[in-house]
Structures are given as C-alpha cells and as structure tokens.
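Here, each number is a calculation from the coordinates, and none is a lab measurement. Everything numeric in this text was worked out from a predicted model, so none of it was measured. Counting neighbours? That spans all protein chains shown, and the Cβs are built from the backbone with ideal geometry, glycine included.
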Amino acid sequence: MYGISQTPQVFIDCQAMDTELGLQINWDVREGIFEDDMLEDMFSEFKRF
C-alpha cells in the first residue's frame with residue numbers, strides 16, 4: 001500500500017487506515033523536532049490505546 005499526505009505546519013501527522021491486514025497506523029514526523037527515542041516512547045504509549 002502506498003499513500004502520501006502533505007500537511008503544512010504540523011509536527012506529527014497521524015494517519016489511520018483500515019486494511020486487509022487490520023488497522024494500519026503511520027506517523028509522518030517533521031525532522032528536527034523530536035529526538036528519536038522520544039518518538040519511540042510516544043508511539044508506544046499511543047499504541048496502548
């Protein structure tokens with residue numbers, strides 16, 4: 001599956017898609033705003049809900 005979005009002035013763009021494989025979540029993140037390990041922690045918490 002391929003998709004693209006362009007959302008100006010957004011730090012994290014969350015996309016959710018219902019696919020044959022189930023719910024697919026993608027975060028497009030603006031570079032230079034968050035540290036990598038911080039993003040991993042944030043996404044781990046996000047997935048808990």
TODO: Could you check, for the range 8-23, whether at least one of its residues is under 10 Å from the mean Cα position of the chain (by Cα) and among the β-branched types (Val, Ile, Thr)?
DONE: yes
- [ ] Look at Gln6 and say whether it is of a type in the set (S, T, N, Q) and surrounded by 12 or more Cβ atoms within 10 Å (Cβ to Cβ).
- [x] no
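When the range 1-32 is examined, which residues are found to be of a type in the set (Asp, Glu) and assigned to a strand (DSSP E or B)?
Asp13, Asp18, Asp28
Give the residues of the range 2-32 that are of a type in the set (A, V, I, L, M) and touching a Leu at 6+ places or on another chain (Cβ under 9 Å), sorted by residue number.
Hits for the range 2-32 are Ile12, Ala16, Met17, Val29.
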Open item on the list: Within the range 33-41, does at least one residue satisfy the condition of being assigned to a strand (DSSP E or B) and under 14 Å from the mean Cα position of the chain (by Cα)?
Closed with: no
